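Colleague: The structure is given below, and queries will be raised subsequently.
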Amino acid sequence: MRKPVHLRKNVSMQRLNKNHNGYHGETIDIRAVLRDIESTATQHGWTSEAFGKQGEFNLLALRRPSPSTLNPQRATRIYLSSGIHGDEPAGPLAALRLLRENQWPENVELWFCPCLNPMGFVLNRRENADGRDLNRDYRNPQTVEVRAHLAWLERQPQFDLYLCLHEDWESHGFYLYEQNPDPKPSLAEKMIEAVRKVCPIDLSENIEGRVAKQGIVRPNIKPHERPDWPEAFYLITHKSRQGYTLEAPSDFPLNVRVNALVAGVGAALACFRSCAS
Ligand SMILES: [Zn+2]
């Protein structure tokens with residue numbers, strides 16, 4: 001007998017319990033994923049720029065100008081990145097899905113770095129080929145990848161919002177970090193609400209040593225006291241006054257994590273204009 005649809009859906013959202021001391025889940029063919037990302041982006045009118053090299057790979061930045069150039073209101077500028085940790089395959093897959101779906105709000109200009117550490121995916125590990133965690137190298141950059149990324153970022157305008165896509169193999173569900181110092185209307189609750197429909201939320205009161213509430217971590221960061229900046233610290237101090245780091249739970253099936261990141265990004269984009277006005 002066929003199981004009711006809602007039951008099958010719940011089963012597919014169950015925790016796998018196989019990721020202990022690191023990520024042991026599904027891996028991706030990053031060469032194929034990047035080929036698809038680039039061709040899909042080109043097909044939908046994005047321009048693509050190689051801002052650096054990592055081994056055989058080009059480090060890719062995609063850009064999509066606002067199609068409604070006649071709108072007198074300045075387009076909202078949104079920066080997205082994924083694939084800085086090579087053991088977090090949901091990020092580049094979510095990038096590909098978002099590009100394929102091509103559902104972007106009106107009057108939005110987008111910058112997208114879909115894979116900041118392709119070699120990490122070849123090796124299925126967090127770090128680059130030299131064992132460096134690129135997402136700790138944004139203050140006094142030592143790696144060629146982050147130096148190239150920073151040089152590219154410095155050439156771009158200020159962004160209204162940044163979204164960094166990640167995964168966490170230890171988490172019990174999806175969660176996110178919010179940086180919103182001014183503070184502007186928060187997008188966090190709307191993102192959690194949207195993700196909850198496709199992926200469990202981590203309801204722990206403490207995540208990665210920080211206070212968390214309903215899957216939202218609002219860390220009181222003091223970047224100048226920390227030597228090892230993640231990308232988000234550079235973005236919030238130099239490029240944007242609001243941003244989110246999305247963390248999908250790696251101990252769930254890969255499609256659930258991709259759905260979670262896509263839903264989180266979708267909610268942030270949909271809400272950004274309406275919540276801000
Ligand atoms: Zn990560």
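The values are calculated or read from the model by the stated rules, or taken from the named source; none is laboratory data. Everything numeric here is computed off the predicted structure, so don't read it as measured data. No Cβ is skipped: glycine too gets one built from the backbone with ideal geometry, and neighbour counts run over all protein chains shown. Ligands, DNA and RNA are excluded from the accessible area calculation, which covers all protein heavy atoms including side chains. Shrake-Rupley method; radii C 1.70, N 1.55, O 1.52, S 1.80 Å.
Colleague: Does any residue in the stretch 221-235 that is within 14 Å of residue 245 (Cβ to Cβ) come within less than 9 Å, Cβ to Cβ, of a residue that is small (Gly, Ala, Ser) six or more places away or on a different chain, and which pairs are these?
Modeller: 221/232; 231/81; 232/243; 235/81; 235/243
Colleague: Pairs under 6 Å by beta carbon, first residue within 10 Å of the ligand (Cβ to nearest atom) in the stretch 242-255, partner charged (D, E, K, R), six or more apart or different chains?
Modeller: Close Cβ pairs (under 6 Å, with a partner that is charged (D, E, K, R)) amount to 247/168; 248/167; 248/257; 250/167.
Colleague: Residues that are open to solvent by less than 10 Å² (accessible area, probe 1.4 Å) and among the aliphatic types (A, V, I, L, M): find the strands (runs of 3 or more DSSP E) completely inside the stretch 154-240 holding 3 or more of those.
Modeller: Details: elements: 161-168, 175-179, 210-213.
Ranges flagged: 161-168.
Colleague: Can you tell which of 155, 147, 136, 126 is among the charged types (D, E, K, R), within 16 Å of the ligand (Cβ to nearest atom) and either without any contact (Cβ under 8 Å) to a residue 12 or more places away in the chain or within 23 Å of residue 237 (Cβ to Cβ) (or both)?
Modeller: Values: 155 fails: within 16 Å of the ligand (Cβ to nearest atom); 147 fails: within 16 Å of the ligand (Cβ to nearest atom); 126 fails: either without any contact (Cβ under 8 Å) to a residue 12 or more places away in the chain or within 23 Å of residue 237 (Cβ to Cβ) (or both).
None of the others qualify; the one that does is 136.
Colleague: Would it be correct to say that residue 153 is touching a strand residue (DSSP E or B) at 6+ places or on another chain (Cβ under 9 Å), aliphatic (A, V, I, L, M) and either under 27 Å from residue 64 (Cβ atoms) or at pLDDT 95 or above (or both)?
Modeller: Working: touching a strand residue (DSSP E or B) at 6+ places or on another chain (Cβ under 9 Å): yes; aliphatic (A, V, I, L, M): yes; either under 27 Å from residue 64 (Cβ atoms) or at pLDDT 95 or above (or both): yes.
So residue 153 passes the test.
Colleague: Quick check on the stretch 40-58: of everything there that is surrounded by fewer than 12 Cβ atoms within 10 Å (Cβ to Cβ) and polar (S, T, N, Q), which residue is farthest from the chain's Cα centre (by Cα)? Outline the logic, then answer.
Modeller: Step one: of the stretch 40-58, the residues surrounded by fewer than 12 Cβ atoms within 10 Å (Cβ to Cβ) are 43, 45, 47, 55-56.
This time we only want the ones that are polar (S, T, N, Q), so: 43, 47.
On the way: 43: 22, 47: 20 Å.
So the residue we want is 43.
Colleague: Hey, another quick one. For residue 27, all conditions in the list (1) open to solvent by less than 20 Å² (accessible area, probe 1.4 Å); (2) of a type in the set (S, T, N, Q); (3) within 16 Å of the ligand (Cβ to nearest atom) hold save one; what is the number of the exception?
Modeller: (1)
Colleague: For residues that are of a type outside the set (Lys, Arg) and outside any loop (DSSP other than H, G, I, E, B), tally how many sit in the stretch 124-153.
Modeller: First, pick out the residues of the stretch 124-153 that are of a type outside the set (Lys, Arg): 124, 127-131, 133-135, 137-138, 140-146, 148-153.
Then drop every residue that is not outside any loop (DSSP other than H, G, I, E, B), which leaves 134-135, 144-146, 148-153.
Summing the residues that are of a type outside the set (Lys, Arg) and outside any loop (DSSP other than H, G, I, E, B) in the stretch 124-153 gives 11.
Colleague: Restricting attention to the stretch 172-198, which residues are touching a residue at least 60 places away in the same chain (Cβ under 8 Å) and over 16 Å from the mean Cα position of the chain (by Cα)?
Modeller: Within the stretch 172-198, 172, 180, 181, 182, 184, 185, 186, 190, 193, 197, 198 qualify.
Colleague: Looking only at the stretch 51-69, decide whether some residue is outside any strand (DSSP E or B), over 25 Å from residue 234 (Cα atoms) and either charged (D, E, K, R) or modelled with pLDDT of 95 or more (or both).
Modeller: Within the stretch 51-69, one or more residues are outside any strand (DSSP E or B), over 25 Å from residue 234 (Cα atoms) and either charged (D, E, K, R) or modelled with pLDDT of 95 or more (or both).
Colleague: If you scan the stretch 88-123, which residues turn out to be more than 16 Å from the ligand (Cβ to nearest atom) and in a strand (DSSP E or B)?
Modeller: Initial filter on the stretch 88-123 (more than 16 Å from the ligand (Cβ to nearest atom)): 96-112, 122.
108, 109, 110, 111, 112 - these are the residues of the stretch 88-123 that are more than 16 Å from the ligand (Cβ to nearest atom) and in a strand (DSSP E or B).
Colleague: Can you tell me which residues in the stretch 10-37 are among the hydrophobic types (A, V, I, L, M, F, W, C) and at pLDDT below 95? Show your work before the answer.
Modeller: First pass over the stretch 10-37, keeping only residues among the hydrophobic types (A, V, I, L, M, F, W, C): 11, 13, 16, 28, 30, 32-34, 37.
Within the stretch 10-37, 11, 13, 16 qualify.
Colleague: Next question. Could you check residue 257 against (1) charged (D, E, K, R); (2) part of a helix (DSSP H, G or I); (3) surrounded by fewer than 21 Cβ atoms within 10 Å (Cβ to Cβ) and say which number it fails?
Modeller: (3)
Colleague: On the basis of being closer than 26 Å to residue 136 by Cβ, open to solvent by less than 30 Å² (accessible area, probe 1.4 Å), within 20 Å of the chain's Cα centre (by Cα) and at pLDDT 95 or above, does residue 263 make the cut? Reasoning before the result, please.
Modeller: On the way: closer than 26 Å to residue 136 by Cβ: no; open to solvent by less than 30 Å² (accessible area, probe 1.4 Å): yes; within 20 Å of the chain's Cα centre (by Cα): yes; at pLDDT 95 or above: yes.
Considered against the rule, which asks whether it is closer than 26 Å to residue 136 by Cβ, open to solvent by less than 30 Å² (accessible area, probe 1.4 Å), within 20 Å of the chain's Cα centre (by Cα) and at pLDDT 95 or above, residue 263 comes out as no.
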